[in-house]
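Right, one structure below, let's go through it.
The values are calculated or read from the model by the stated rules, or taken from the named source; none is laboratory data. Keep in mind it's a predicted model, so treat the numbers as computed, not measured. A quick note on method: Cβ atoms are made from the backbone with ideal geometry, for glycine too, and the neighbour counts reach across all protein chains shown.
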Amino acid sequence: MRLYFATDVHGSETCWRKFLNAAAHYKADVLILGGDMTGKALVPIIHDGGDNWHATLLEVRTEMTTEEEVAAFEDRVIRRGYYPFRTDPVELQRLSEDEGHWHGLFQEKMLETVEKWMRMADERLGGTGVRVFCCPGNDDQFEVDEIIDNAKTVELAEGRVIDVDGFQMVSTGWSNRTPWHTYREEDEPDLWQKDLTGAIAHWIEVGQPDDKTLLRAAGRAARVTVYAYRSGAELWWAPIADQLARAKHLAVWRIPTSASRMLGTLAARSMHLQCTIQDGGLWVSDAARNVQIEPVALKVREA
């Protein structure tokens, strides 16, 4: 089996065409697009009356006077991964004053493009036996999944375990928090336990997380536990203790620095560790050494 993987085409139709053509060029049996399929912006092409149009792409203004020139400019925009649309100054002003309408138009153009890409895949690869997978990323709206799921040739891999010629492929487009507030991002604990409904029963953080992270965790989980293990844990905890006092189901434990260092000595390329918990104490051992850990409570969970 030969597999071709690409990611982050961000709406560029040129990249999507190359992705589909990779099956023949590289003699690939499987194509996988790993995420962030869609573009990020609309580009208005403004009708100035008569045969006159103008538009701005990448801070460069272009003036056009024929249908051929307008169509060629639209092509340039699409190749760049943006979504062109024709408008006039009055409509553009109305759009600029209505954020909801602007976002609605963006979604419409974006989904139309994804549908077009699915048809292109059908035309080029339908019936060839080449498997094509798309895994929407954190920049992609959830509506994209439904379009891919209904496609004939392209298969949706997001959130699924897919068998690929005897290998299992697991895909998720979710990320931890970003500065851009994308569609698929979430706070991520170091470890969690979920109940049968998928709700987070126990959220566990390791290290010295900030108070905002812990307050968000407390709002989502039935129990939250922090194991602070670096030096200066008391200095980390002191300024946020009052702020977190209202988080009743939060427990914070400090792992003594000496114990942390001893645990580090157990780390090896190949490890076989045993763990014993008894009477609030913890023992971790390998074949030669035994480390005792007695966590110190900085905040106890309230009943």
(request) Would you confirm whether any residue within the range 234-252 is of a type in the set (Phe, Trp, Tyr) and within 32 Å of the chain's Cα centre (by Cα)? (result) yes
(request) Tell me, please, whether a residue that is buried (at least 18 other Cβ atoms within 10 Å of the Cβ), under 30 Å from Asn176 (Cα atoms) and of a type outside the set (Asp, Glu) can be found in the range 96-106. (result) yes
(request) Return the pairs, sorted by first residue and then second, in which the second residue is in a helix (DSSP H, G or I) and among the hydroxyl-bearing types (Ser, Thr, Tyr), the first residue lies in the range 1-21 and is crowded, with 18+ Cβ neighbours inside 10 Å, the beta carbons are less than 8 Å apart, and the residues are 6+ apart or on different chains. (result) Gly11/Thr113; Glu13/Thr113
(message) Just checking, does the range 215-236 include any residue being assigned by TED's automatic domain parsing to the domain that holds Ile293, touching a residue at least 24 places away in the same chain (Cβ under 8 Å), loosely packed, with under 13 Cβ neighbours inside 10 Å and more than 16 Å from Val296 (Cβ to Cβ)?
(response) no
(message) Can you find a residue that is touching a His at 6+ places or on another chain (Cβ under 7 Å) and either of a type in the set (A, V, I, L, M, F, W, C) or surrounded by 17 or more Cβ atoms within 10 Å (Cβ to Cβ) (or both) anywhere in the range 186-197?
(response) yes
(request) Quick one: in the range 112-143, of everything that is of a type in the set (Lys, Arg) and within 17 Å of Thr14 (Cα to Cα), which residue is surrounded by the most Cβ atoms within 10 Å (Cβ to Cβ)? (result) Arg124
(request) For residues that are more than 14 Å from Arg86 (Cβ to Cβ), more than 28 Å from the chain's Cα centre (by Cα) and either not assigned by TED's automatic domain parsing to the domain that holds Asp165 or not polar (S, T, N, Q) (or both), tally how many sit in the range 25-67. (result) 8
(message) Against the condition in contact with a strand residue (DSSP E or B) (Cβ under 9 Å, 6 or more places away or on another chain), free of Cβ contacts under 8 Å to residues at least 40 places away in the same chain, farther than 28 Å from Val9 by Cβ and not hydroxyl-bearing (Ser, Thr, Tyr), how does Asp51 come out, does it pass?
(response) yes
(message) Could you tell me how many of the residues in the range 178-203 are within 12 Å of Asn138 (Cβ to Cβ) and among the polar types (S, T, N, Q)?
(response) 2
(message) Taking the conditions exactly as written (surrounded by fewer than 13 Cβ atoms within 10 Å (Cβ to Cβ) and either among the polar types (S, T, N, Q) or outside the structural domain of Leu235 (by TED's automatic domain parsing) (or both)), does Ser285 satisfy them or not?
(response) no
(request) Tell me which residues, restricted to the range 242-258, are loosely packed, with under 14 Cβ neighbours inside 10 Å and either modelled with pLDDT of 95 or more or acidic (Asp, Glu) (or both). (result) Asp242
